[in-house]
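**Q** Dropping the structure in here first, questions after.
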Amino acid sequence: MRTLLAATAAAAVLLGAGCEKKSATAPAGPAAAPAPAPAPSAGNTVLIGEVFSLTGDKATFGISSRNGIEMAVKEANAAGGVKGKKIETRVYDDQGKPEEAANATTRLVNQDQVVLVLGEVASSNSIAMAHVAQPAQVPMITPTSTNPKVTEVGDYIFRVCFIDPFQGFVMAKFARDNLKLNKVAVLRDLRSDYSTGLTDVFTRKFTEMGGKIVAVETYNQGDSDFRGQLTAIKRAGPDGIYIPGYYNEVGVIAKQARELGLTVPLMGGDGWDSEKLFELGGSAVEGHYLSNHYSADDPSPRVRKFVADYKAAYGSVPDALATIAYDAAGVAIAAMRRAPDLSRKSIRDAIAQTKDYPGVGGSVTLDERRNAVKPAVVLKVGKGKFDYVTTINP
Amino acid sequence: MASIPAPLRGVLPVLLALVVLAGLQLFVGDLPFFVYVSSLVGVNIILAVSLNIVNGMTGQFSIGHAGFMAVGAYVGGKLALEMKDLAIAGLPSAASDQLQLLASLAVGGAAAALAGFLVGLPSLRLRGDYLAIVTLGFGEMIRVIVSNLEVFGRALGLSGIPQTSSFMMIWAWVFLVVLVARRIQDSAHGRSLLAIREDEVAAEAMGVDTTGYKVRAFVISSFFAGVAGALFAHFVPIINPGSFTFVKSIEVVTMVVAGGLGSITGSIVAAVVLTLLPEVLRSLFLQVGGLEGGAALAQKVDQIRMPVYGLLLVILMLARPQGLFGSREFWDALPRWWTRFRRAAP
Amino acid sequence: MTAPLLEAQGVGIHFGGLKALSGFDLSIGQGDLKGLIGPNGAGKTTAFNVLTGVYLPSAGTVRVMGEVVNGMKPHQINRRGLARTFQNIRLFKSLTALDNVRVACLADSYPVFSRRRLDGARRGSTGRFGLPAAMAALNNYVDWWRALLLTPGFQEEERELTRRADGFLEVMGLHHRRDEEARNLPYGEQRRLEIARALATGPRVLLLDEPAAGMNTREKSDLMVLIRELRTRFELGILVIEHDMKLVMGICEDITVLDYGETIARGAPERVRSDPKVIEAYLGDSYLAAHGMSVPGAGR
Amino acid sequence: MGEFVQHLINGLAAGTIYALVALGYTMVYGVLKLINFAHGDVMMVGTFFAYAVARGLGRPANTSFLGVTVIFLVAMAGCALLGLVIERFAYRPLREKPRLTALITAIGISFTLSYGFQLDFGPLPGAAPRAFPEIIPPREWLILGDRAVVIWNWQVISLGIALLLMVALQSLVYRTRFGRAMRAVSFDHRTAALMGIPVDRVIALTFMLGSALAAGAGILFALKDTVVQPLMGLYVGLKAFVAAVIGGIGNVPGAVVGGLLLGLVEEFVVGYSASSWRDAVAFSFLILVLLVRPSGLFGRATAEKV
């Protein structure tokens, strides 16, 4: 052992010598050396990179997001692209794994020479991407990763949705002020950082506002039997249940909650927003509440048009993931149009200046921490659609 | 080689390898994509070869390797996070980084080895297929435990681990694991392991402490799995439970099986091929298919990956159950003088 | 008469209801060459398995070198000087003949504590844990590192082991097969290789389970000579299970006859041969055999 | 109190599914000594068959008795066929090979099915879960207190089916000629062949039977949890295996008891301690049983032949 350690230690020192240059230029890491900036003049197309999980248990989220971006890009190209160039996208699948997300981003940044990357729903994967994009100084916009840590990675990382703390606060406030709930139980998804994050904030805010969390149960993405948790919750006798999960499970949970005679309102976040919710939950999901980025039955023509176009293209009402991804692409494209040239640096600066961008999911203004400041809406699940209830401002 | 004085044979290869790698390091330093992919390849090789010690040499069947990898990754990663702001005085920062990295690798490996010991001690009394299921169960439990622990960041995982891993460090460990596996093979211990694989009852009757040997094989294997995990944590910006699922274990098993149970070279080749294949196919499609169709195809590559692994296992078992190399090494195929030459130096 | 190397007193075992062996007595001293016969399913191999620790006897005691070995694992018993071959050959098929033997070769020098001191400590204490276990563990640990670091001492030891293994192959006339995989050896040689492997563990007592099965007459007579030779050369006590009466009667000074787990006769060959109970048992058996049936659990 | 009873019912409902899947496991293991790792995924496929048929029939038709029967029959037949194919082309060639070879193959098939079904081209359903049509419209079967405890018709139905099948299988194995053949094969298929038993056919039939069972279990599972998704088989399969081992693998009543037991244990862990540890329960249970009583609750210990 000692011999080996000694030997490898020697290696370490040798390496130290080999490393100086490297660690001088940029923080060590997979994409340490900043890749050469793409020559904007090269060809008459400009390439945007996307990373989403298109396989595995989170595939549906990735696919929605990809659709949203595709649509935005199509529209932009129809409107003459940017600076007379056609926008191309390249999508890589990360199978829901951080290492693959980092791998894909490295590929986009170094091989494909994209000007910016859009990506990931799951915050873990977005963080992985950010750690590649930042040192390589490639601007990155994450549509729906709500964990604050993502944009903390560096000044090239942006986000066009609100963050967990705000969304958690919204629902806590709504539950307390509008629904007048005192005792709330929480049922969270153990495998999703999104769910964990929301739970933490909601719990804190709700108790601060004088409410009481009477039970916290968990499930795993992909589960389909929640009766045990729900029965336990029933025992605690809450007058509302907070379920910051994704529609795949929420629909089933609602059904089983009703089956067990739990009639109290259920509350959730943007993870609920999908047509699937109605397919999976049937009538059981009606009358429950969720916080969201926008309301699909917002009368504004922009939203109407988007919803109509999306339906036409993909045969379903766009869910939150698709919508915000669409906005993310929109913000990116707008920035590229504003930017003096198509170098990564100037695109980054242009994005940073985004103000009152008229997104479908509400107007987007990026604050100095590169997060979108935007109001959230609370929706009530109705018959096959979400009904607008109220807007809550930050 | 026979001319090398006995005392030197032990360490000489290591030193040589280190020099060579240090040389390479200078060249690949600023090829981020290459470095990243080669890191993934390296880690997979370490995993495959170490798993081969249990599944190939000892004939036990573990399908929970990702669990040990997770232990190494989390423990090593956590330690690295704790040491982040420290630096060893009187050393160039890079050197002290590397020493800290070594430390967290060692600790991660040790933790995994301990886990291997705790799992192995009871479960290795079980028969092959039962053992398989138990190891699987263990792997899953690790995932559950980690996603429950605040210190390990639950579902979000650990991020901000210093990305101090490097081409050289990873491949030094690759070399090390291969060397260890080879030397075990050529020692009395290795022969005992093989004996267990061939016929446990007979081995026991010939004075081989089968349980003991199985546990030791398990411990060594999980040590390297742990190191692989810790390395992984030092070049992947964030580790979370999603990276160490049953699926990962099966990936490694596929590599070992495809390469040939008991063949170190086989494992290496299989690990390299199976890790690079998606990359190669993807770029190939992009080359030929043009941007539109090509991109679509390239996506499919990622999607069909898992089913393909599955099919690969089935087809292999049916067509060539002994895998690519059987239990032989590539040098067994080399001309006679070479084998004689190897005999000269055991 | 020296103290017996292997001694069984009133050993019995049953699987569920079936009494496979009961009241089995046996004692083998140095230089003994005894036989164990009986029709199929009489419990011969079961007796072997009990003696070597594969099965835990439900009654009686087994002593090796005067030490009670009930409940010890087979490898521990083997280490105490009891080696066996198998009726249905159990070689390490894809290992070379040499490696088959080398597996069994014990390194008699341990890196930290000598074998003698270890055994001494073992006699002192009992149980799986405690000092001797720790000492053994330390030995083992250091030994692995010697192997991994390829220390000169280790290299020397490997060469020594190989030398000894070659020696055993020599003795059994298998040296020309040294580097062939065991599975490729002809039947007779496989049996001999099993014996070589057993000898390599350095036993005081050797248990041979139907060593001549499937051999032709010439091979058998060679084997008889060989067995006698081994006994003197390695100062062994030998116990042979054999179907071939001629062979058994030929070489064994003392024969035990089992039937349905009971000892029905014991003594010198001619006495046993003339024993009515034996004749009866064997007639029964040969009758069955003649009509091509087999008794369930044969070879147990 | 109410909750306790409710937990009891939930546990039984979950356990029933485990039990049904475990039956298939245990039968196949009985004859082949093979852990048919893909069993859970065969179940998944069967459920998707049923889903397709039910959707095809449409709302009123698929709730009629005839409709339901058709759905069950088609799904079970489809799975039987699938089982046959798997056995014929994947397992039979490996019968004389070491057991692990077959196990690896089984894992391979499991992966191919569960991830193949996640692809979204061709007829493949894609990763998204689908709502399973309520082919047995849920009705409250029994209500205790003021809805403190509700028992649903499908819960009763599936439990009934499970017990029925257990009895049926048991008598199949111990009363019929086929059963005797099965037992002979499981004891030693070479000897069985010598005794003139058509081993290949027996094994194939067992496989088809097991797979058909899986399909049935799958449908009941889908009725219970109202969704179908490609990964549904993986965990159910594993846990069913655990159940089979707990009950003593190869033992029919054992499988059912094991299944119900596992279901209850999981339920009570979720209900009365931390639900986040549920997935750890099954495996710790498994390890415990294997260490304390490797032959399972009902299995008989066998001495290894040397």
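Values in this text are rule-based calculations from the coordinates and carry no lab data. Just so you know, these numbers come straight off a predicted model, no measurement behind them. Neighbour counts run over all protein chains shown; Cβ positions are idealised from the backbone, glycine included.
**Q** Need one word for chain A: rounded, prolate or oblate. Basis is the Cα gyration tensor (sqrt eigenvalues a ≥ b ≥ c); a/c below 1.5 gives rounded, then a/b vs b/c decides.
**A** Oblate shape, in that a/c is at least 1.5 and b/c is the bigger or equal ratio.
**Q** Which whole-number percent gives the relative contact order of chain A, counting Cα pairs below 8 Å spaced six or more residues apart?
**A** Relative contact order here is 16 percent.
**Q** How many partner chain Cβ atoms sit within 10 Å of a residue's Cβ in peptide A:122-134, on average, as a whole number?
**A** Mean partner-chain Cβ count within 10 Å for A:122-134: 5.
**Q** Using helices alone, I'd like the mean residue ellipticity at 222 nm for chain D: each DSSP H run of four-plus residues gives -39500 (n - 2.57), total over residue count, nearest 500.
**A** -23500 deg cm²/dmol
**Q** I would also like to ask the following. Round to the nearest 0.05 the FRET efficiency obtained for residue A:365 and residue A:152 when R0 = 25 Å and r is the Cβ-Cβ distance.
**A** With a Förster radius of 25 Å, E is 0.85.
**Q** Which whole-number percent is the relative contact order of chain D (Cα, under 8 Å, 6+ apart)?
**A** 36
**Q** If you count, for every residue in B:11-20, the Cβ atoms of partner chains within 10 Å of its Cβ, what is the mean?
**A** 3
**Q** Just list whichever of B:248/D:33; A:305/A:380; A:149/A:205; B:78/B:248; C:34/C:277 have alpha carbons separated by over 24 Å in the model shown.
**A** B:248/D:33
**Q** On to the next question. Calculate the spin-label point distance for residue A:183 paired with residue B:4, positioning each point 7 Å from the Cα along the beta-carbon direction, and give it in nanometres.
**A** With each label point 7 Å from Cα toward Cβ, the separation is 7.4 nm.
**Q** Work out how much length residue C:112 to residue C:274 would gain on full extension: take 0.36 nm times their residue separation and subtract the Cα-Cα distance, in nm to one decimal.
**A** The span from residue C:112 to residue C:274 would gain 52.6 nm if fully extended.
**Q** So, one more: Once you've got the GNM for chain A with C-alpha springs shorter than 10 Å, pick whichever of A:151, A:142, A:60 has the biggest mean-square fluctuation.
**A** Highest fluctuation of the listed residues: A:60.
**Q** Given the peptides D:79-89, A:314-324, arrange them by the average over their residues of other C-beta atoms within 10 Å, most packed first.
**A** A:314-324, D:79-89
**Q** Next up: Taking each residue of B:244-251 in turn, how many C-beta atoms of other protein chains fall within 10 Å of its C-beta, and what is the average?
**A** Across the residues of B:244-251, the mean count of other-chain Cβ atoms within 10 Å is 3.
**Q** Among residues other than residue A:370 whose Cβ falls under 14 Å from its Cβ, what is the net charge (Lys/Arg +1, Asp/Glu -1)?
**A** That sum, taken over residues with Cβ under 14 Å, equals +1.
**Q** When you count, for each residue, the other Cβ atoms within 10 Å and take the mean per peptide, how do D:282-290, A:228-236, C:131-139 rank with the highest first?
**A** By packing density, highest mean first, the sequence is A:228-236, D:282-290, C:131-139.
**Q** Highest GNM mean-square fluctuation, chain A, Cα pairs closer than 10 Å: which of A:357, A:242, A:194?
**A** Fluctuation is largest for A:357.
**Q** With a point put 7 Å past each Cα toward its Cβ, work out how far residue C:65 is from residue A:208 in nm, to one decimal.
**A** Using points 7 Å along Cα→Cβ, the separation is 7.6 nm.
**Q** For a footprinting-style exposure proxy, rank A:273, B:30 by other Cβ within 10 Å, fewest first.
**A** Arranged by neighbour count, lowest to highest, A:273, B:30 become B:30, A:273.
**Q** Tell me, B:236, B:219 in order of fewest to most beta-carbon neighbours within 10 Å?
**A** Ordered by Cβ neighbours within 10 Å, fewest first: B:219, B:236.
**Q** Nearest 500 deg cm²/dmol is fine: what mean residue ellipticity at 222 nm does chain A get from its DSSP H runs of n ≥ 4 alone, each adding -39,500 (n - 2.57), divided by its residue count?
**A** It lands at -13500 deg cm²/dmol.
**Q** Obtain the nm distance between the two label points defined at residue B:201 and residue A:316 by a simple spin-label model: each point lies 7 Å from its Cα along the Cα-to-C-beta direction.
**A** The modelled label-to-label distance comes out at 5.7 nm.
**Q** If you don't mind, there's one more thing I want to ask. Based on DSSP H runs of at least 4 residues, each adding -39500 (n - 2.57), what is the mean residue ellipticity at 222 nm of chain B after dividing by all its residues, to the nearest 500 deg cm²/dmol?
**A** Helix contribution divided over all residues of chain B: -24000 deg cm²/dmol.
**Q** With 10 angstrom as the radius, rank B:198, A:217, C:67 by how many other C-beta atoms surround their C-beta, starting from the fewest.
**A** Fewest to most other Cβ atoms nearby, the residues stand as C:67, B:198, A:217.
**Q** Separate question: Give the shape of the range A:165-292 as rounded, prolate or oblate, defined through the alpha-carbon gyration tensor: a ≥ b ≥ c are the square roots of its eigenvalues, a/c under 1.5 means rounded, and otherwise the shape is prolate if a/b is larger than b/c and oblate if not.
**A** Note, shape of the range A:165-292 comes out rounded.
**Q** Please figure out what share of the DSSP beta bridges in the protein assembly as shown is antiparallel and state it in percent, rounded to the nearest 5.
**A** Close to 50 percent.
**Q** How about the range A:297-357: which trypsin sites (Lys or Arg not before Pro) there are in a DSSP loop, with at most 15 other Cβ atoms within 10 Å of their Cβ?
**A** Sparse-neighbourhood loop trypsin sites (Lys or Arg not before Pro): A:355.
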